[in-house]
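The values are calculated or read from the model by the stated rules, or taken from the named source; none is laboratory data. Note that this is a predicted model, so its numbers are computed, not measured. A quick note on method: Cβ atoms are made from the backbone with ideal geometry, for glycine too, and the neighbour counts reach across all protein chains shown. In case anyone asks, the SASA skips ligands and DNA or RNA and just uses the protein heavy atoms, side chains included. Shrake-Rupley method; radii C 1.70, N 1.55, O 1.52, S 1.80 Å.
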Amino acid sequence: MKIECKVDLSGFEGRLIELGPKLARKSMRKALTQVGKYWIGEVKSRVPVDSGDLKDSIISRVSTKKGGNEGKVSVGPGYTVSNKVRDTSQDPGVYGMFVEFPMKNRPTYPTQPFMRPTFDSTADKAVQVFADVLKEALDGCGK
């Protein structure tokens, strides 16, 4: 469960080629990182809080492909599942899907979606954050 934004900058190829692949990728990462920071705040503002562990588990991950014209940012609960037989604890991020989605076995368990509503209400703003940061990075590299 995560919010994910994939970007293909085919229309910006000329400008990115001028920068070179390394600077283009750096600019892309910078813009996606800012979108991730924006979305972390937005998701955290919508997470239902019991102990606060789920809210604290919200993270973002940015990845870009070499060449600098493709990348993505993913935001959501971060978790790891232990392979140890004795370890029965789970990171708080595991519980995010139970909060977001209804459970077939427990239809009375209340869901409180927070990921989809965040994406629905902030997608346009996230695109604007991305565009503003990328434009700033591209303008700064040309000087």
For this session: Can you tell me which residue within segment 58-78, out of those that are farther than 19 Å from residue 95 by Cβ and modelled with pLDDT under 85, is surrounded by the fewest Cβ atoms within 10 Å (Cβ to Cβ)?
Result: 66
Exercise. Taking into account only those residues within segment 94-130 that are modelled with pLDDT of 90 or more and acidic (Asp, Glu), which is least open to solvent (accessible area, probe 1.4 Å)?
Worked result: 120
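Filter segment 79-93 down to the residues that are touching a helix residue (DSSP H, G or I) at 6+ places or on another chain (Cβ under 9 Å) and open to solvent by 20 Å² or more (accessible area, probe 1.4 Å), then identify the one that is modelled with the lowest pLDDT.
81
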For this session: Being open to solvent by 80 Å² or more (accessible area, probe 1.4 Å) and within 27 Å of residue 96 (Cα to Cα) is the filter; apply it to segment 6-44 and report the residue that is modelled with the lowest pLDDT.
Result: 6
Problem set entry | Test for residue 3: is it at pLDDT 75 or above, open to solvent by less than 80 Å² (accessible area, probe 1.4 Å) and under 23 Å from residue 100 (Cα atoms) | no
